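Inspection log for the structure reproduced underneath, given as structure tokens.
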Amino acid sequence: MIRPTRRCAGLVFVCGVATIVTGAGAAFTASLLLVLIGACGVDAMLLRRSRASGERTLSPTVPLMVASPYSVDVSTEGPAEVRRLRQPAPSEVRLVPDESDGLALSGEMSGRHRGSYSVGAAVARVSGPLGLTSRDVTVDLSGSVRVIPDLPRARRLAAARRRGGGLNDGRVRNRLGVGTDFEAIRDYSPDDDIRQVNWVASARTGRPMSNQYRIDENRDVVCLIDTGRLMASPVGEVDRLDVALDAMTILCVEAEESQDRVGAIAFSFEVHRQLSPRRYGTAAIVDALYDLETSEVESDYERAFIAVGRHKRALVVLFSDLVDESASRALLAACPILTRRHALMVVSCRDPDLERAIGTAPSDTYGVLRTSIAIDLLRTKDRVRFQLESMGVVVVEADAERLGSACVRAYFALKARARL
């Protein structure tokens, strides 16, 4: 659609003022308007013949809440001139800035929510050579952007930890125990543990025989991602599910560096996605789970734990929330399914709103009620943590920024104690 510009409106105003000032008649005013209309027609005709094209530099994959550069460059064929350039984007993708004057637009792009989103065509406002008419032209630069958990940051943290000698390199030395993987049957030695004696082989050969085991360094780590209603509550600019996926990514990268196999299961009222443990599986897990969404239903922990129970012994890391008493009862009832065979770690993000409510002195009745509710919720969380720990479950709780590092520390502590 071709429309007149401000210059055209200004010329019409000048014509009117000139007519009033000079005292010219209607014929003079009409002639001026006819000349202006003719100029607008010529300008519009030249503008219609012009074409716009361009190119856009856009990262196809960006980490959540991490800025990356982008740019849009537009050129025209013909006498038209680009006055303004704008790049629309979905609300889940933030472009700063998203419009500029001239042929080029550059700035930073950041994803505000995980998922795959289409970034549409750019829109350029072009005007004719006389500047009397303009129109908006779409420049077909359509493409898609994936917003994923911050996998690059997880790899940087792992590399920095190795360089700085933090914790350890993931390989456990001087591990206690006799090992778990059967290797061979040999003659009994006086130093052998009584649990190593193979009574069937001893009876067959007529002399004491022992099983020889080796310690398996390649363990399985299975991450359970709760996508039920509890994970939809906000934590700053993101929600609990976003925080859980970032912490899971950091943990999986560390387990991968330690030569352990990593897998994942996403569930709510049913198991939505499942990836069996495998070596160097972090990238596959991120690709499979980056677009998870929460649902307004209660999570079925028992169903998820049954899906894990079919695997051999593993470290099962459950990312959920312990603040809801009814959901916590369901979790406590389902835990024996796993703890008989697997090592279980429950990871929960601290609620900054609850911490703030307790740390702020109430000034009115509303503040007193808010503080009372916050104290009750935290007491419920403490009771659930105590019950889980009494069942042999490792409970990890930290702020959103430090949750991934807290998971890694607990993971290395379990390896050092031969719990995996």
From A67, A89, A124, A80, residue being closer than 30 Å to T294 by Cα and touching a Leu at 6+ places or on another chain (Cβ under 7 Å): A89
Yes/no for G164 being under 37 Å from the mean Cα position of the chain (by Cα), modelled with pLDDT under 90, at negative phi and not polar (S, T, N, Q): yes
Selection within region 227-280 - closer than 21 Å to L315 by Cβ, among the charged types (D, E, K, R) and surrounded by fewer than 22 Cβ atoms within 10 Å (Cβ to Cβ): E257, R261, R273, R278, R279
Strands (runs of 3 or more DSSP E) contained in region 114-158 and holding at least 3 residues in the same structural domain as E81 (by TED's automatic domain parsing) and either closer than 18 Å to P79 by Cβ or small (G, A, S) (or both): 115-119, 122-127, 133-139
Complete set of residues in region 215-243 that are within 21 Å of P277 (Cα to Cα) and either in a loop (DSSP other than H, G, I, E, B) or not assigned by TED's automatic domain parsing to the domain that holds D399 (or both): I215, D216, E217, N218, R219, T227
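From the residues in region 81-92 that are without any contact (Cβ under 8 Å) to a residue 40 or more places away in the chain and not in a strand (DSSP E or B), which one is surrounded by the fewest Cβ atoms within 10 Å (Cβ to Cβ)?
Of all residues in region 81-92, those without any contact (Cβ under 8 Å) to a residue 40 or more places away in the chain come to 86-91.
Still in the running and not in a strand (DSSP E or B): 87-91.
Numbers: Q87: 25, P88: 14, A89: 17, P90: 14, S91: 8.
Within region 81-92, the match that is surrounded by the fewest Cβ atoms within 10 Å (Cβ to Cβ) is S91.
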Any hit, region 93-101, residues being free of Cβ contacts under 8 Å to residues at least 60 places away in the same chain and in contact with a helix residue (DSSP H, G or I) (Cβ under 7 Å, 6 or more places away or on another chain): no
First in region 193-215 and under 14 Å from F182 (Cβ atoms), second anywhere and assigned to a helix (DSSP H, G or I), Cβ under 6 Å, 6 or more apart: M209/A201; M209/S202; S210/Q196; N211/Q196
Residue selected from region 114-139 under the condition without any contact (Cβ under 8 Å) to a residue 40 or more places away in the chain and closer than 16 Å to E99 by Cα, by the criterion surrounded by the fewest Cβ atoms within 10 Å (Cβ to Cβ): T138
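The values are calculated or read from the model by the stated rules, or taken from the named source; none is laboratory data. Every value quoted in this text rests on a predicted model; they were computed, and no experiment measured them. We place every Cβ from the backbone using ideal geometry, glycine too, and count neighbours over all the protein chains shown.
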